[in-house]
Amino acid sequence: MRRIAFLAITLLATLLSPNATMADVDSTLQGEYAPDRVIVTYSDGGTSAQNFQVRERTRTDVEAVSSKEISPRASRTAVLTLGKNVSVSEAIKRLRNQPGVVYVQPDYKVYALDIPPTDSYFASNSLWGMYGSGTTPANSFGSNAISAWGRGYTGSSSIAVGVVDEGIQISHPDLAANIWVNPGEIAGNGLDDDNNGYIDDINGWDFVNNDNTVFDGRANSTLDAHGTHVSGTIGGRANNGTGVVGVNWNVKIISAKFLGLNGGYTSDAVRALDYLTALKIKGAPIVASNNSWGGGGFDQALLDAIDRGGDAGILFIAAAGNNGQNTDTTANYPSNYVCDGTANNRGWDCIISVASINSTGARSSFSNYGATTVDLGAPGEGIISSVPLNSWANYSGTSMATPHVTGAVALCASMGLTNPRDIKSAILSTVTPRSSLAGITTTGGILNLDGMTTACSGKSAQALLTITNTTLNATPGTSIKLTSNGGSGSGTLTYLTPTTGCAITNGDSLTSTITANCLVYATKAASGSLTAATSPAVTFAFALTPQATLRIANTVLSNPANVAVRLTTSGGSGLGAVSYAVTGTNCLISNGDSLSVTAATTCRVTATKASASGFAAATSASVSFVFTAVAQTPLAISNTTLSVPRSSTIQITVSGGTGAGTLSYRVTGTNCSVSTAGLLKPTRITSAATCSVTATKAANGIYTASTSPAVTFSFT
Ligand SMILES: [Ca+2]
Ligand SMILES: [Ca+2]
Ligand SMILES: [Ca+2]
Ligand SMILES: [Ca+2]
């Protein structure tokens with residue numbers, strides 16, 4: 001027994017944020033379904049009173065809050081809305097074997113086959129391995145999965161692959177629906193019901209620990225991360241609102257776990273491969289095993305096991321290895337084996353050996369290569385996929401390239417091709433040539449999932465279908481009539497948009513009530529010998545139109561401070577109301593458009609015209625208005641008695657002036673004094689005095705200061 005190293009693939013093992021909760025999916029339930037209802041079909045074999053009783057009992061059994069006939073044409077089928085204490089799987093368990101119930105099932109969620117998936121990593125341009133040159137998103141060096149999906153091929157739950165690797169988190173939200181459930185085995189009864197030598201092997205087998213728990217991952221451990229990662233590339237669930245999407249939206253993944261944290265043994269690999277071979281011989285629809293591992297030298301027992309699988313019709317997809325070397329001269333196993341039959345008589349090799357490329361089309365520096373020993377390249381650097389505990393991570397390695405090809409085998413088989421030799425030929429004969437792989441791989445090219453569809457489906461592509469609209473802008477709330485041409489055959493034409501806030505109504509009308517960039521595809525369904533066709537995406541922008549430049553139109557920008565200015569504008573567009581805003585102390589806007597001040601100042605004003613008539617709001621440049629102070633009414637000293645005895649005092653009185661400014665007084669002349677309050681008197685009562693007085697009212701509010709003429713008072 002030779003210990004073999006599991007390919008060290010995690011150049012980048014950045015854990016990405018887990019943003020999903022564990023899917024509550026009973027192992028017998030597949031795909032997405034409404035969480036609060038089930039569909040029940042009754043036999044209706046009795047009298048109407050008896051049938052009524054069955055319905056009532058059924059409703060009570062699952063605490064249903066309502067029971068509604070599914071349609072007038074199917075009166076025996078009802079939708080039961082469940083009480084909040086009863087899950088879908090619980091309801092199905094309770095009703096499955098009830099008398100009078102023919103079947104009970106979830107209300108499955110379905111999608112148009114052709115809508116590009118909305119899964120977060122796909123939509124955020126992070127899943128380059130699935131893209132193609134003309135797809136949205138695009139990457140010329142991806143596997144072009146999007147185009148194959150656009151032809152209507154997204155895999156099949158009637159096709160299975162074996163993941164010969166670490167274990168798999170079978171409850172992962174991106175995998176649960178695509179995990180194989182052994183139809184011949186009854187879970188948990190301690191019996192080997194299908195007589196394959198493994199008791200209760202429901203989702204596969206753990207050949208490391210010799211038990212039926214194929215997932216043994218735990219917090220703060222990478223245990224079973226590798227197997228979970230490759231599984232997501234083969235068959236990550238599409239359109240489940242989270243994570244990634246695999247080459248196959250639908251497939252069945254069988255765990256043949258033989259690697260632990262420190263690798264595994266070929267003896268366990270042999271058992272794992274033979275487990276798959278035995279299942280295949282008994283009828284499991286296994287088309288490939290994924291083998292993202294390697295190490296050790298030539299191992300006849302292992303090659304024999306690979307040969308037994310090949311003889312049974314299972315392709316062995318092998319990572320070329322991460323040593324950056326030529327495997328024609330330095331062998332890498334198992335990718336270097338030739339699987340041509342247990343008696344070397346099959347005439348063809350069941351192994352596909354896969355090199356890694358990066359997102360610029362170059363061979364990954366770590367990837368092995370070999371003109372006769374490596375077949376093709378596939379995306380293997382910066383690959384995001386599922387990892388344990390409902391998370392996702394970015395890994396690199398030929399380990400990551402390999403499941404793209406394993407996925408291709410399953411996808412090709414789902415299109416109808418059954419002979420494994422033909423499937424291998426369909427994949428290898430349709431690679432996209434790349435200079436980076438020319439002369440160092442048998443094909444000189446990279447995986448092209450779209451290119452293989454004709455060979456795999458026996459159908460041909462339609463003429464290019466395109467959306468032909470030339471006006472790609474509209475205002476929110478309006479609609480655009482979509483037009484297209486091209487395509488072939490009689491399939492129905494449909495328009496689709498995956499963009500939130502955008503909708504297709506009446507078949508060909510695109511609408512959005514909000515500002516949005518709506519991605520739109522046209523699809524033409526398969527017909528006759530033609531595959532479905534999906535157009536390149538076109539982006540329609542629903543946006544408000546900018547207004548013509550809005551300006552403040554006033555030409556008089558300097559005014560006396562006691563004059564209000566009526567503000568006016570020019571320019572702008574549409575019927576939006578105009579409003580003004582002002583900055584500057586002592587400035588105010590009243591009655592909408594009247595600018596006034598409470599003191600001499602400078603005011604900066606902007607005008608805004610509101611959004612209306614499809615136009616966005618517009619704001620003008622700011623304009624400064626200078627308000628200058630104005631004169632008070634003439635101020636005069638109003639005393640009439642101007643001569644008094646030197647023993648007297650005079651209270652100065654004034655008239656005129658404006659506003660609340662403080663009064664002050666100045667006096668000239670020898671022997672005179674005036675108080676702040678305006679009380680005038682001689683400073684020496686022993687002398688006569690002649691005093692000349694002026695009054696000043698200080699500047700206030702909008703007014704300048706005002707000073708009275710001088711008045712002369714005599715103290716005799
Ligand atoms: Ca069994
Ligand atoms: Ca059992
Ligand atoms: Ca286990
Ligand atoms: Ca997903």
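The values are calculated or read from the model by the stated rules, or taken from the named source; none is laboratory data. Note that the structure is a prediction, hence the values are computed from the model and not measured. Here the Cβ is made from the backbone with ideal geometry for all residues, glycine too, and neighbour counts use every protein chain on show. For the accessible areas, the whole protein counts, side chains as well, though only heavy atoms, and no ligand, DNA or RNA atoms are used. Shrake-Rupley method; radii C 1.70, N 1.55, O 1.52, S 1.80 Å.
All of W249, W205 fail the test of being open to solvent by less than 40 Å² (accessible area, probe 1.4 Å), over 18 Å from G167 (Cβ atoms) and either in contact with a helix residue (DSSP H, G or I) (Cβ under 7 Å, 6 or more places away or on another chain) or away from ligand 2 (no atom under 16 Å from the Cβ) (or both), apart from W249. Under the condition of being open to solvent by 30 Å² or more (accessible area, probe 1.4 Å) and either modelled with pLDDT under 95 or touching a Leu at 6+ places or on another chain (Cβ under 9 Å) (or both), which residue from segment 298-311 is nearest to Y265 (Cα to Cα)? Across segment 298-311, the extreme among qualifying residues is A301.
For A145, indicate whether it is open to solvent by less than 20 Å² (accessible area, probe 1.4 Å), at pLDDT 95 or above, more than 16 Å from I253 (Cα to Cα) and within 16 Å of ligand 4 (Cβ to nearest atom).
Details: open to solvent by less than 20 Å² (accessible area, probe 1.4 Å): yes; at pLDDT 95 or above: yes; more than 16 Å from I253 (Cα to Cα): yes; within 16 Å of ligand 4 (Cβ to nearest atom): yes.
Judged against the criteria, A145 is a match.
Within segment 373-390, track down each residue that is open to solvent by 10 Å² or more (accessible area, probe 1.4 Å), polar (S, T, N, Q) and within 24 Å of the chain's Cα centre (by Cα). Scanning segment 373-390 gives a single hit, N390. All conditions but one from (1) more than 10 Å from ligand 3 (Cβ to nearest atom); (2) assigned to a strand (DSSP E or B) apply to Y198; the one that does not is (2).
For segment 673-688, the count of residues that are surrounded by 16 or more Cβ atoms within 10 Å (Cβ to Cβ) and part of a loop (DSSP other than H, G, I, E, B) is at least one.
What strands (runs of 3 or more DSSP E), lying completely within segment 23-113, carry at least 3 residues that are modelled with pLDDT of 85 or more? Quick ask: steps written out before the conclusion?
On the way: elements: 33-42, 66-69, 77-81, 101-108.
Hits in segment 23-113: 33-42.
Within the set A553, A600, A533, the sole residue that is in contact with a Phe, Trp or Tyr (Cβ under 7 Å, 6 or more places away or on another chain) and not basic (K, R) turns out to be A600.
Residues that are part of a loop (DSSP other than H, G, I, E, B), among the hydroxyl-bearing types (S, T, Y) and open to solvent by less than 10 Å² (accessible area, probe 1.4 Å) within segment 512-559 comprise T531, S535, listed in sequence order.
Within segment 478-510, the set of residues being surrounded by fewer than 16 Cβ atoms within 10 Å (Cβ to Cβ) and either of a type in the set (S, T, N, Q) or touching a residue at least 60 places away in the same chain (Cβ under 8 Å) (or both) comprises T478, T483, N485, S490, T492, T500, T505, N506, S509. For segment 312-356, a residue qualifies if it is in contact with a Leu (Cβ under 9 Å, 6 or more places away or on another chain), under 22 Å from A256 (Cβ atoms) and in a strand (DSSP E or B), and the qualifying residues are F316, A319, I351, I352, S353, V354.
Going by the structure shown, is T136 part of a loop (DSSP other than H, G, I, E, B), of a type in the set (S, T, Y) and within 18 Å of G246 (Cβ to Cβ)?
Details: part of a loop (DSSP other than H, G, I, E, B): yes; of a type in the set (S, T, Y): yes; within 18 Å of G246 (Cβ to Cβ): no.
Considered against the rule, which asks whether it is part of a loop (DSSP other than H, G, I, E, B), of a type in the set (S, T, Y) and within 18 Å of G246 (Cβ to Cβ), T136 comes out as no.
Just a yes or no: is a residue in segment 364-372 buried (at least 16 other Cβ atoms within 10 Å of the Cβ) and either more than 20 Å from V431 (Cβ to Cβ) or touching a Cys at 6+ places or on another chain (Cβ under 8 Å) (or both)? Taking every residue of segment 364-372 in turn, at least one turns out to be buried (at least 16 other Cβ atoms within 10 Å of the Cβ) and either more than 20 Å from V431 (Cβ to Cβ) or touching a Cys at 6+ places or on another chain (Cβ under 8 Å) (or both).
Out of L273, L279, L259, report the one residue that is under 22 Å from L303 (Cβ atoms), within 16 Å of ligand 2 (Cβ to nearest atom) and surrounded by 24 or more Cβ atoms within 10 Å (Cβ to Cβ).
On the way: L273 fails: within 16 Å of ligand 2 (Cβ to nearest atom); L259 fails: within 16 Å of ligand 2 (Cβ to nearest atom).
It is L279.
Looking only at residues in segment 208-233 that are hydrophobic (A, V, I, L, M, F, W, C) and within 14 Å of ligand 3 (Cβ to nearest atom), which one is least open to solvent (accessible area, probe 1.4 Å)?
Our first condition is that a residue be hydrophobic (A, V, I, L, M, F, W, C); within segment 208-233, this holds for 208, 214-215, 219, 223, 225, 230.
Pick out the ones that are also within 14 Å of ligand 3 (Cβ to nearest atom) and you get 208, 214-215, 223.
Working: V208: 58, V214: 3, F215: 51, L223: 21 Å².
Looking at residues that are hydrophobic (A, V, I, L, M, F, W, C) and within 14 Å of ligand 3 (Cβ to nearest atom), I get V214.
Tally the residues that are in a helix (DSSP H, G or I) and among the hydroxyl-bearing types (S, T, Y), restricting the search to segment 272-311.
Going through segment 272-311, the residues in a helix (DSSP H, G or I) turn out to be 272-281, 300-311.
Then keep just the ones that are among the hydroxyl-bearing types (S, T, Y); that gives 275, 277.
Within segment 272-311, residues that are in a helix (DSSP H, G or I) and among the hydroxyl-bearing types (S, T, Y) number 2.
Figure legend. Inter-residue proximity from segment 117-134: first residues more than 17 Å from N248 (Cα to Cα) and more than 16 Å from ligand 3 (Cβ to nearest atom), second residues among the hydrophobic types (A, V, I, L, M, F, W, C) and outside any helix (DSSP H, G or I), beta-carbon distance below 7 Å, spacing 6+ or different chains. Indicated pairs: S126/I384.
If you scan segment 145-164, which residues turn out to be not in a helix (DSSP H, G or I) and not hydroxyl-bearing (S, T, Y)?
Filtering segment 145-164 for residues not in a helix (DSSP H, G or I) gives 151-164.
Selection gives R151, G152, G155, I159, A160, V161, G162, V163, V164.
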